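Encoded as structure tokens, the structure appears first; notes follow it.
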Amino acid sequence: MTNQNQEIFAAFADPNSTSSDILDQIISHFRESGQPMELFEALKMQTRIRLGLPLISPENEIKRAEDIERQLEQGLLDACRETGSMLIRLGRVGEGWMYLRPTGDVMNARQLLSEVDISEENYDDMIQVLLHEGVDVARGFQAVLDHQGTCNSITLYDQTIVGRSKDDRAAAAACLLEHFYSELCEMVRADIANREAPAAPEETLYEMIDKRQWILADGGYHLDTTHLASTVKIASILEEPEQIRKAWELTQYGRRLHHQFQYPGDEPFVDFYPAYSTFYSILMGENVDAGLTVFQRKARSVNTSEHGTGAMETYVDLLDRTGKHQQAIETAVSMVPQEVPSQRIVPLLLEIAQKTKAINDQDGFMPLLEYCKDKGDLLGYAAVLDASRS
């Protein structure tokens, strides 16, 4: 028995020690000795005694007042937070997250996990919490890239991340783009150095291939061409100018590949690299009107019953991202097929409508209100009306 245990048991026998005093000593002991499970139980007892309840809940405990229940719940969440934090600091990531999850404090979990190095021992737990639980998607996806490579990472993106929020998809897409772009640049530099004087350190991928027409002329390639296509497609969600530029450079590399490596895409990107080249050029502010015309024609001509609404959605997205918010809304409500439920499109257009008010005092809400009325969407109409008034 430790000296501290002896002191606590001695306090039990002291008639002047209250149960609250004893619990305080026990909690301090569990904190100092790093015993998270025991600490959790002691903190629950501390909450109960503070509320005048027995330390252990009886089997048939009577129903308590609402304010007591609320305080008990808050005490439980506080206990979960402290216990989960201790577990993570002890390296028990999976168990720690089980206690932190009920608190909803993702930022606290992210901060705690930022201090934990990813190792072979904790890799699975870290990926589960960071990536699959959404605590830090960028770090989790980067770890998958580092440990399992591009192929497995793209598969993971397509199977898991593609259905997550836009922010999560963008976080993973940024990691993939940076990883693949850097790796391809490194391979191209090595190829150049083997054939002629090395490329200058500041040369970008596009500059390296543009100055040396012989690169890829023999039908070769430097990295898996299916990974290149996937990266170009996944990066389309990104918005930072530097990221857009890198994605565009990848399309220029792709356009030089032998035709057998230029795989067709889905509408409006059937002509994959030329179409994505135009897409990224628009976002870079180059030949915007001409590029938008290309996607407008696709949006109007592609058969949605055969190819889906991808062409229309891409055109609307480009209008929005180039500052043509009002036009984006009007285009969407005029082009959306009748069979597409309004519940699918209204939330997306509502976000755009709010930009029209903030930027140029146009009223993007009116077309949305009319659309909801035409579709008989009472809930959508109420949501749009409320947003327009606020």
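Can you tell me the order of 237-246, 35-44 when each peptide is scored by its average per-residue count of other Cβ atoms within 10 angstrom, highest first?
Order by mean packing, descending: 35-44, 237-246.
Please state the equivalent ellipsoid semi-axes for the chain: what are the square roots of 5 times the Cα gyration tensor eigenvalues, largest first, in whole Å?
For the chain, the semi-axes come out at 54, 33, 15 Å.
Taking only the Cα atoms of segment 198-261, how large is their convex hull per residue, in Å³?
Given the Cα convex hull of segment 198-261, per-residue volume reads 88 Å³.
What does the net charge come to around Ala190 if you take all other residues with beta carbon closer than 14 Å to its beta carbon, with K and R at +1 and D and E at -1?
Net of charged neighbours comes to -2.
Just tell me which lysines come within less than 30 Å, Cα to Cα, of Lys211; anything on the same chain fewer than 8 places away is out.
Of all the lysines, those that pass the test against Lys211 - Cα under 30 Å, at least 8 places apart if same chain - are Lys233, Lys246.
What net charge do the residues around Lys324 carry, taking every other residue with its C-beta under 13 Å from that of Lys324, with Lys and Arg at +1 and Asp and Glu at -1?
Local charge sum for Lys324: -2.
Under 29 Å Cα-Cα from Lys63, which lysines qualify once same-chain neighbours fewer than 8 residues away are excluded?
Lys44
Could you work out how much longer the chain between Val340 and Leu76 gets when fully extended? Use 0.36 nm per residue separation minus the Cα distance between them, nm to one decimal.
Residue separation times 0.36 nm, minus the Cα-Cα distance, leaves 90.5 nm.
At q = 0.14, 0.20, 0.23 Å⁻¹, work out log10 I(q)/I(0) for segment 136-266 with the Debye formula, treating every Cα as an identical point scatterer and leaving solvent out; two decimals please.
-0.63, -1.18, -1.42
Please state, rounded to one decimal and in Å, the Kirkwood hydrodynamic radius that segment 238-390 gives when every pair of distinct Cα atoms enters the mean of 1/r.
In segment 238-390 this quantity evaluates to 16.6 Å.
Could you list Leu77, Leu349, Leu378 so that the one with the fewest beta carbons within 10 Å of its beta carbon is first and the one with the most is last?
Fewest to most other Cβ atoms nearby, the residues stand as Leu378, Leu77, Leu349.
How about Lys355: which lysines have a C-alpha closer than 16 Å to its C-alpha, ignoring those fewer than 8 places off in the same chain?
Lys324
Quick one: what are the phi-derived ³J(HN,Hα) couplings along segment 251-266, Karplus 6.51/-1.76/1.60 with θ = phi - 60°, whole Hz, x for glycine and proline?
Listing the rounded values in order: 5, 5, 5, x, 5, 8, 5, 4, 4, 5, 9, 9, 6, x, x, 8 Hz.
Please work out whether segment 262-340 counts as rounded, prolate or oblate from its C-alpha gyration tensor, where a ≥ b ≥ c are the square roots of the eigenvalues and a/c under 1.5 means rounded, while otherwise a/b larger than b/c means prolate and anything else oblate?
Oblate shape, in that a/c is at least 1.5 and b/c is the bigger or equal ratio.
What is the mean projected area of the alpha carbon convex hull for segment 303-390, to one decimal in square nanometres?
5.2
Once Lys and Arg get +1 and Asp and Glu get -1 on their Cβ, which of Leu216, Ala332, Ala235 lies farthest toward the positive end of the dipole of the chain?
Ala332
Rounded to the nearest 0.05, what FRET efficiency do Glu351 and Leu55 give with R0 = 51 Å and r taken as the Cβ-Cβ distance? Could you check?
Computed FRET efficiency for Glu351 and Leu55 comes out at 0.50.
Report relative contact order for the chain in percent, whole number only (criteria: Cα-Cα under 8 Å, sequence separation at least 6).
Relative contact order, the chain: 7 percent.
So what's the gap between the Cα centers of segment 68-100 and segment 101-132, to the nearest angstrom?
Taking the Cα centre of each part, segment 68-100 and segment 101-132 sit 14 Å apart.
Over every pair of different alpha-carbon atoms in segment 1-120, take the mean of 1/r and invert it; report that Kirkwood radius in Å.
When all Cα pairs of segment 1-120 are included, the Kirkwood radius is 15.9 Å.
Using a Förster distance of 51 angstrom, determine the FRET efficiency expected from the C-beta separation of Met37 and Thr293, and round it to 0.05.
0.20
Testing the spin-label approximation: label points 7 Å from Cα along Cα→Cβ at Thr160 and Gln260. State their distance in nm.
About 3.5 nm separates the two model spin labels.
Quick one: compute the contact order of segment 188-254, relative version, from alpha carbon pairs under 8 angstrom and 6+ residues apart, as a percent.
32
Which value at 222 nm does the chain reach when only helices count, each DSSP H run of 4 or more adding -39,500 (n - 2.57), with the total divided by all residues and rounded to the nearest 500 deg cm²/dmol?
Dividing the helical sum by the residues of the chain leaves -22000 deg cm²/dmol.
Roughly how many nanometres apart are two label points built 7 Å out from the Cα toward the Cβ at Ser390 and Lys211?
5.4
Read the figures in this text as sums done on the coordinates, not as results from a lab. Quick caveat, the model's predicted, so the values are computed rather than measured. Don't worry about glycine lacking a Cβ; one is built from the backbone with ideal geometry, like all the others, and counts go over all protein chains shown.
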